[in-house]
Amino acid sequence: MRVVSVLLILASAVVFAYDLPEGHSRVEDCIVVNFKYPLREISVNNVNGIATIGISSLDSLARRYDVYMIDQLFVGSKHPEDPNEIDLSGYYRIWFDPVHSVDEVLSAYEANEWVEHVEPIDICPIFRTVPNDTYFDSQWALDQGNDHDIDAPEGWDIEHGDDSPIIAIADTGVDYEHPDLGGDDLPYSGGNI
C-alpha cells in the first residue's frame with residue numbers, strides 16, 4: 001500500500017510539473033479540488049486557524065499544509081438530480097500557507113481517496129498588441145488613457161486580420177456640380193482629371 005501511495009504521488013508530480021508558458025504565472029496559495037460524491041456540501045470549521053471539514057484524512061492534509069480557508073468555487077451549486085447534468089457542487093478552492101509548494105499540495109490532495117481531481121490556478125495575462133508604428137501615439141482615436149477611443153489594440157488582440165478577402169472599391173466619380181465642391185464655379189474641360 002505504501003508503494004502504491006508513493007507511485008501515485010510521483011505520477012501526479014509528473015503531471016503537475018509542466019512548465020508554464022512564458023508570461024504566465026500561478027496562484028501560489030490556492031488550488032481547486034473536486035471532491036467525490038457524496039462529499040459535496042461540506043461544512044467548514046475553523047479550528048485554531050486551520051479550516052477543517054470533519055473528514056480525518058482531509059483534515060490531516062489541512063493541518064499539514066496550513067489550510068486557512070476552504071470555499072465553494074461555484075457558490076450555491078447543488079448536486080443535480082439528473083445524471084446528464086454537469087455537477088459543479090464538488091468544486092472547492094483550498095487556500096493554504098504559501099510556504100508550501102503548489103505542486104506538493106496538489107500531489108497530496110490528488111492522492112486522497114475523497115478527491116476526484118485537483119487543479120492549479122494558472123494566471124494567463126491578457127496581452128495588448130501595440131503596433132511598432134512610430135506615429136501610433138499621435139493617432140488619438142485609436143487608443144487613449146481616458147478610454148474615449150475605439151480600443152484598437154484590444155481589437156487587434158481578438159482579430160489579427162486576413163489577407164484572403166477581395167475588396168472592390170466602386171468609385172463612381174465626382175459630382176463636380178455639387179454645391180459642396182463649388183457647384184458651377186469649378187473649371188472643367190472634360191476628360192480625365
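Only the coordinates and a few stated rules stand behind these numbers; no lab work does. None of the values given here were measured: they were computed from a predicted structure. Positions of Cβ are generated from backbone atoms using ideal geometry, with glycine treated the same way; all protein chains shown enter the neighbour counts.
Cα gyration tensor of region 23-131, axes a ≥ b ≥ c as square roots of the eigenvalues: rounded (a/c below 1.5), prolate (a/b > b/c) or oblate?
Oblate, since a/c reaches 1.5 and b/c is not below a/b.
Between Val47 and Glu119, what is the spin-label point distance in nm, taking each point 7 Å from the Cα along the Cα→C-beta axis?
For the pair Val47/Glu119, the computed spacing is 3.0 nm.
Quick one: which residues, 5+ away or cross-chain, put their amide H under 5 Å from the amide H of Ser89? H built at 1.01 Å from N.
When sequence neighbours closer than 5 places are left aside, there are no close amide H contacts.
Just subtract the alpha-carbon distance of Ile158 and Thr134 from 0.36 nm times their residue separation and send over the number in nm, one decimal.
Length gained, Ile158 through Thr134: 6.4 nm.
How much length is gained on full extension from Val99 to Ser57, taking 0.36 nm per residue of separation minus their Cα-Cα distance?
Fully extending the segment from Val99 to Ser57 adds 13.0 nm.
Taking amide H positions as placed 1.01 Å from N in the peptide plane, with prolines and chain starts having none, which residues 5 or more places from Met69, or on another chain, fall under 5 Å of its amide H?
Ala51, Trp95
Name the residues whose placed amide hydrogens come within less than 5 Å of the amide hydrogen of Val115, ignoring near sequence neighbours (fewer than 5 apart) on the same chain.
For Val115, whose amide H was placed from the backbone, the distant partners under 5 Å are Lys36.
How would you order 101-113, 69-81 from highest to lowest mean count of nearby Cβ atoms within 10 Å?
Listed from highest to lowest mean packing, they are 101-113, 69-81.
Which distance in nm do the two modelled labels at Asp151 and Phe74 give, with both placed 7 Å along the Cα-to-Cβ direction?
2.7
When Lys and Arg each count +1 and Asp and Glu each count -1, what net charge do the other residues less than 11 Å away from Leu39, Cβ to Cβ, add up to?
With Lys, Arg at +1 and Asp, Glu at -1, the net is -1.
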